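The values are calculated or read from the model by the stated rules, or taken from the named source; none is laboratory data. The structure presented is a predicted model; accordingly, all values stated were derived computationally and were not measured. Please note: Cβ atoms are built from the backbone with ideal geometry, for glycine as well, and neighbour counts cover all protein chains shown.
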Amino acid sequence: MGKGFGFLFEMGCGKTLTAIAVTGAGYKLGKIKRVLIVAPTSVCAVWPKEFADYADFRYTVKTLLGTKPQRLKALADLEAFPFQSLKVAVINYESTWRDGIFEKLMEYDADLIIADESQRIKTHDAAQSKSMHQLGDKARYKLILSGTPVQNEAVDIFSQYRFLDPTIFGTNFYAFRNRYAVMGGFNRKQIVQYKDLDELIRKEHSIAYRVTKEEALDLPEQTFQTRSIILSTKERAIYDRLRRDSFTELDNGGKITATTVLTKLLRLQQFTGGFLVADDAAKPELVSTGKLDALSDIIQDYVLEGKKKLVIFARFIPEVLEIIKRSENIIGKSGMKTVAIYGAIPKEQRGDIVQQFQKDPSTMVLVGQIDTAGTGITLTAADTCVYYSVTFNYATYSQSLARIHRIGQRNTCTYIHLVAENTVDSTILKSLSKKEDLAKTVVDDWRQFF
């Protein structure tokens, strides 16, 4: 069984830089010749750029993206590379378990496997977790990188350590759960509390190093602002109708589940962003521009007049597309550019988009879908970030905050939240400020949202 270690650094504390330094040291000592980096899809294209910035040793890196044949060809090209150098393959988690790809990754026989944002394998019985366990069992060395290894429950740590070093917590999830969790609820299938957490944390840290921003970095302060959007009389009437209808359906609909509540909340949140999906419509329609108008003022003030770069996060694709259009209309005539990263942008292009925003003086605005661009990338060319809308997941929201507040940032970071007054926006933001994941609390507290 190979040796494993965890860099549990808070976002922005240099996990990637440290991992590359360790990799280079291993290569120069003759211990490591082949590396496999597994990362979230949106982060894969970032790794080649990080190697280019930080590596002071010979390497060749291939990002395994695209179709299955394209991925396999990239891996074959890497293995056939004729010159002496460290060989680095980068692939996304979702591809590791696919037929044909998993087998080739096993044949690649990496000396070192790096699991970037390792919380992606927190579910012990998920296909990508199982494939990582098998790959890890074969590798000589392993690293996990995560600022949030425990996102929701302490049991999240098991699968990551099953990959990293099975001698720490064993290979049986249920034995681990019985050791540290107290079960209760319906059929005793819910975790109601934990026990012996001091022991769990001691074992976790026995092969890991935790770094917080307060300990490691002299990072600038963060300031948070709220720009209130007042709904018009007509908009308020529509919102209140949607809210009442949602409440009535939930109140009379029998068993309440997180999915049913979150679906209703999504519709309310889409409306506060200006979009409404009619009952017979296939896609959302732009019905109000309150947030867009407020955002236009910010772009005008910060970018066009203040000559400051700006990051804008939004949750929904229609919002992202409308924001891009607004930004281009405001700054385009002055020769300033707007770039974007969202689901439809090819993964292999995202790293170049980040570099363009970071280094091109005329690229002033980056619009990101929060679930796609909120992790693993560095956007320190900006010190101001606007949240047009937010996710329900605290870990994702917290990760997105660190895109501008990380190593390389010298200015105070400002976060501006656009909030429609007396709507679900305020309640969601309040939950996030308490570091809550709405999916975990929404069933018991659903009435407060409506």
* To do: Select from the range 190-234 the residues that are assigned to a loop (DSSP other than H, G, I, E, B) and under 27 Å from LEU432 (Cα atoms) and list them in ascending order.
  => LYS195, THR212, LEU217, ASP218, LEU219, PRO220, GLU221, ILE230, LEU231, SER232
* Out of LEU242, LEU262, LEU231, LEU200, sole residue that is under 29 Å from GLN399 (Cβ atoms) and assigned by TED's automatic domain parsing to the domain that holds VAL419 -> LEU262
* Asked: Does at least one position in the range 264-274 carry a residue that is without any contact (Cβ under 8 Å) to a residue 12 or more places away in the chain and loosely packed, with under 14 Cβ neighbours inside 10 Å?
  -> no
* Structure fact -> (1) under 14 Å from CYS44 (Cβ atoms); (2) surrounded by fewer than 18 Cβ atoms within 10 Å (Cβ to Cβ) all hold for GLN356 apart from (1)
* Answer yes or no: is there a residue in the range 376-387 that is free of Cβ contacts under 8 Å to residues at least 12 places away in the same chain and either in contact with a strand residue (DSSP E or B) (Cβ under 6 Å, 6 or more places away or on another chain) or farther than 22 Å from THR272 by Cβ (or both). => no
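Suppose the filter is of a type in the set (D, E, K, R), in contact (Cβ under 8 Å) with a residue 12 or more places away in the chain and over 13 Å from GLY4 (Cβ atoms); does LYS130 pass it?
Spelling it out, LYS130 is indeed of a type in the set (D, E, K, R), in contact (Cβ under 8 Å) with a residue 12 or more places away in the chain and over 13 Å from GLY4 (Cβ atoms).
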* Of all residues in the range 251-267 being more than 30 Å from SER146 (Cβ to Cβ) and under 32 Å from the mean Cα position of the chain (by Cα), which is modelled with the lowest pLDDT? -> LYS255
* For the range 234-250, which residues satisfy the criterion of being surrounded by 12 or more Cβ atoms within 10 Å (Cβ to Cβ) and either modelled with pLDDT of 80 or more or out of contact with any Ser or Thr (no Cβ under 9 Å at 6 or more places or on another chain) (or both)? -> GLU235, ARG236, ILE238, TYR239, ASP240, LEU242, ARG243, ASP245, SER246, PHE247
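Can you list the helices (runs of 4 or more DSSP H) lying wholly within the range 247-355 that have 2 or more residues being more than 18 Å from VAL386 (Cα to Cα) and of a type outside the set (Ser, Thr, Tyr)? Lay out the reasoning, then the answer.
Values: elements: 258-272, 290-298, 317-331.
Passing ranges, in order: 258-272.
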* Asked: Applying the selection to the range 63-90, what residues are modelled with pLDDT of 95 or more and within 22 Å of the chain's Cα centre (by Cα)?
  -> ALA89, VAL90
* To do: Check whether at least one residue in the range 25-42 is modelled with pLDDT under 90 and part of a helix (DSSP H, G or I), and report yes or no.
  => yes
* Just give me the residues in the range 369-415 being at pLDDT below 90 and charged (D, E, K, R), in sequence order. => ARG406, ARG410
* **Candidate set from the range 12-23 (those that are of a type outside the set (Val, Ile, Thr) and over 18 Å from HIS205 (Cα atoms)); member that is farthest from the chain's Cα centre (by Cα)** => ALA21
* Asked: Is one or more of the residues making up the range 318-339 β-branched (Val, Ile, Thr) and surrounded by fewer than 17 Cβ atoms within 10 Å (Cβ to Cβ)?
  -> no
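Against the condition within 27 Å of ASP301 (Cβ to Cβ) and of a type in the set (Phe, Trp, Tyr), how does PHE357 come out, does it pass? Reasoning before the result, please.
Values: within 27 Å of ASP301 (Cβ to Cβ): yes; of a type in the set (Phe, Trp, Tyr): yes.
So PHE357 fits the description; yes.
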* **Which numbered condition GLY184 misses (of (1) of a type in the set (Gly, Ala, Ser); (2) in the same structural domain as SER389 (by TED's automatic domain parsing); (3) at pLDDT 85 or above)** => (2)
